[in-house]
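Worksheet for the structure shown next.
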Amino acid sequence: MHITVIGTGYVGLVSAVCLAELGHQVIAVDSDAKKVEVLMRGACPIYEALLPELLQRHNGKRLRFSAFARSAVTASDVVFLAVGTPQSESGEADLSQIQDVANEIGPVLHRSTLIVEKSTVPVCTCDALREMLLRNGAHEGWFSVASNPEFLREGTAVTDFLYPERIVAGADDDFGRFLLREVYRPLTSGSYYRTEDAVPCPTRKPGKAPLLVTGTRSAELIKHASNGFLAAKVSYINAVAQLAEAVDANIDEVSAGMGSDPRIGTDFLQAGLGYGGSCLPKDVAAFEAVAKRHGIDFSLLREVKRLNEGQRSRFIDKVKRSVGMLAGKRMGVLGLSFKEGTDDVRESPAIATVRELARQGVTVCAHDPAAMEKAREALADYPIAYAHDPYDAAVGCDALLILTGWKQFAKLDLHRLHSVMKSPVIFDGRNLYLPEEMAAAGFVYHSVGRRCLPVNCLPSVSKPESLRSVKSGLAGTPISTQIVQVKPRPVRS
Ligand code: NAD
């Protein structure tokens, strides 16, 4: 099948590469000529596991890049829109990039073409897109509009695309339903998983990817409702973490106890600095705005946002309460991306925290395995120093802050770390270590929703192992195992 993907950001580039991997002929278009030039050279402009390898596999063969949407669209059966839909000042989704694409391609829709929204958009945008295309000269009956929201997560985007929990195909006519089924047939039939050089499945035995066929409005709602729900889960556990701290309980035990109920599940139930990134914050705002436009007061979403933003200021207050005046202190920072596995710093809680520390007169030295270049741009107005490794960032500091949950930060040489810091004080916004293990290693260790133990107290686990490494090794193992390994104290019934 001949496919155009418009927008080669995190979603568009991964989609284009993976659609080529599924056997389609793909043209990926971006209005950013520099990006197109980088891609044509075979370089990968973003940090994403497996993407460079797949780019190399398909670039110049089944996958081509272009800065010209019109010529690409005229040669395609299906056109995916994967442009940005950022938050506008009012909170609503800014659909100007979608409008720009409609202006560009409307006049050349002269053969049967399916236009598919992959970008996250408010409910009823398919209807609006149809109107935009018609106003721009597209012929009624020559095209159809569908919604195929994307659920990939940065850091695991390639395997998320190729091994989806579900594919949502929202179409209001047979043409749209037929073409979406054809696009994803290699996944829904399982034929891709049987090919010799298929990207290996990271978690479970591949079978067939489930396809959920809906109307366009339901598909649009599924995406916003899912992101709103995930954000609510994060804010909920962070609110419980505040209470756990107040009554000296342990949020890990609470999360394990709650998450072992399959109706709740353990995902997105880790207390920490809160959610960030280019999706959840803006999608929560856009979902509330579109509800309001349709006469619904979705006040729960306002509270989710309020709790999330408060989580960062509570973290900084904790630092202040412990170290006193922030001005004049030197602090090391581990992590700048909004989550592990990506170089994306958009709406990163880590970046917001670093800005606030710098504003309050802290000298910050930061390290991130992938996001230093993007962080330098985002923090250009602040005098931040950058270190080439975590130990370098910690040298001579009054405190070390862990702000992103990179796996490598959960496996630090604690003895070495202790030896380079001026004061062995750690604030862990991602709960990567067990308080017992850090106290035993001589650190004053503050985390989220767990007690700071007296230094040198004996660990209650025989072989200290970071919580994150325990958790990450547990994908697919029974919950009972998880509780035994994770909990430092028994869960009260
Ligand atoms: P992005 O900002 O990384 O990429 C958007 C790309 O579109 C940019 O390269 C930009 O140059 C290009 N573009 C803008 N206008 C264009 C035009 N008129 N013609 C051609 N190219 C144009 O955005 P992203 O993170 O890839 O997100 C894209 C959409 O997917 C958003 O709606 C987002 O909410 C949604 N989404 C994102 C993720 C994620 O993890 N990033 C996950 C699921 C859904």
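The values are calculated or read from the model by the stated rules, or taken from the named source; none is laboratory data. Given the structure is predicted, the values throughout are model-derived calculations rather than measurements. Using ideal geometry, Cβ is built from the backbone for each residue, glycine included, and neighbour counts are taken over all protein chains shown. In case anyone asks, the SASA skips ligands and DNA or RNA and just uses the protein heavy atoms, side chains included. Shrake-Rupley method; radii C 1.70, N 1.55, O 1.52, S 1.80 Å.
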Taking the stated definitions as given, is Ala366 assigned to a helix (DSSP H, G or I) and either at pLDDT 95 or above or assigned by TED's automatic domain parsing to the domain that holds Asp317 (or both)? no
Identify all residues within segment 1-16 that are assigned to a loop (DSSP other than H, G, I, E, B) and near the ligand (Cβ under 9 Å from one of its atoms); write none if there are none. Gly7, Thr8, Gly9
Kindly indicate the residue of segment 43-84 that is assigned to a loop (DSSP other than H, G, I, E, B) and among the β-branched types (Val, Ile, Thr) and also farthest from the ligand (Cβ to nearest atom) among those meeting that condition. Ile46
Take segment 273-292 and flag every residue that is open to solvent by less than 60 Å² (accessible area, probe 1.4 Å) and free of Cβ contacts under 8 Å to residues at least 40 places away in the same chain. Ala291
Restricting attention to segment 157-198, the residues that are of a type in the set (A, V, I, L, M), open to solvent by less than 10 Å² (accessible area, probe 1.4 Å) and more than 30 Å from Gly141 (Cα to Cα) number exactly 3
For segment 138-156, which residues satisfy the criterion of being of a type in the set (D, E, K, R), under 16 Å from Cys126 (Cα atoms) and open to solvent by 30 Å² or more (accessible area, probe 1.4 Å)? Glu140
Residue count, segment 116-138, condition away from the ligand (no atom under 11 Å from the Cβ) and in a loop (DSSP other than H, G, I, E, B), comes to 5
Can you tell me which of Gln87, Gln97 is modelled with pLDDT of 95 or more, within 13 Å of the ligand (Cβ to nearest atom), open to solvent by 10 Å² or more (accessible area, probe 1.4 Å) and more than 18 Å from Val5 (Cβ to Cβ)? Gln87
Expected single match for closer than 30 Å to Val284 by Cα, out of contact with any helix residue (DSSP H, G or I) (no Cβ under 9 Å at 6 or more places or on another chain), assigned by TED's automatic domain parsing to the domain that holds Thr125 and not polar (S, T, N, Q) among Glu89, Glu37, Glu48, Glu104 is Glu89
Number of the exception - Leu336 against (1) open to solvent by less than 30 Å² (accessible area, probe 1.4 Å); (2) of a type outside the set (Gly, Ala, Ser); (3) in a loop (DSSP other than H, G, I, E, B); (4) more than 21 Å from Asn431 (Cβ to Cβ): (4)
The residue from Ser226, Ser235 that alone is farther than 25 Å from Leu129 by Cβ and of a type in the set (Ser, Thr, Tyr) is Ser235
Within segment 313-333, residues buried (at least 20 other Cβ atoms within 10 Å of the Cβ) and not in a strand (DSSP E or B) come out as Phe315, Val319, Lys329
Segment 172-286: helices (runs of 4 or more DSSP H) wholly inside it with 1 or more residues that are among the small types (Gly, Ala, Ser) and either outside the structural domain of Gly9 (by TED's automatic domain parsing) or in contact with a Lys or Arg (Cβ under 8 Å, 6 or more places away or on another chain) (or both) are 216-246, 251-259
Can you pull out the residues in segment 255-272 that are of a type in the set (A, V, I, L, M) and crowded, with 21+ Cβ neighbours inside 10 Å? Ala256, Ala271
When the residues of segment 381-422 are narrowed to those that are among the small types (Gly, Ala, Ser) and in contact with a helix residue (DSSP H, G or I) (Cβ under 7 Å, 6 or more places away or on another chain), which ends up surrounded by the most Cβ atoms within 10 Å (Cβ to Cβ)? Ala394
Could you check how many residues of segment 17-42 are open to solvent by 10 Å² or more (accessible area, probe 1.4 Å), small (Gly, Ala, Ser) and away from the ligand (no atom under 12 Å from the Cβ)? 2
Listed residues Gly328, Gly295, Gly324, Gly335; which is more than 16 Å from the ligand (Cβ to nearest atom), at positive phi and touching a residue at least 60 places away in the same chain (Cβ under 8 Å)? Gly335
Checking Ala209 against (1) open to solvent by less than 20 Å² (accessible area, probe 1.4 Å); (2) in contact with a Phe, Trp or Tyr (Cβ under 8 Å, 6 or more places away or on another chain); (3) within 16 Å of the ligand (Cβ to nearest atom), which test does it fail? (3)
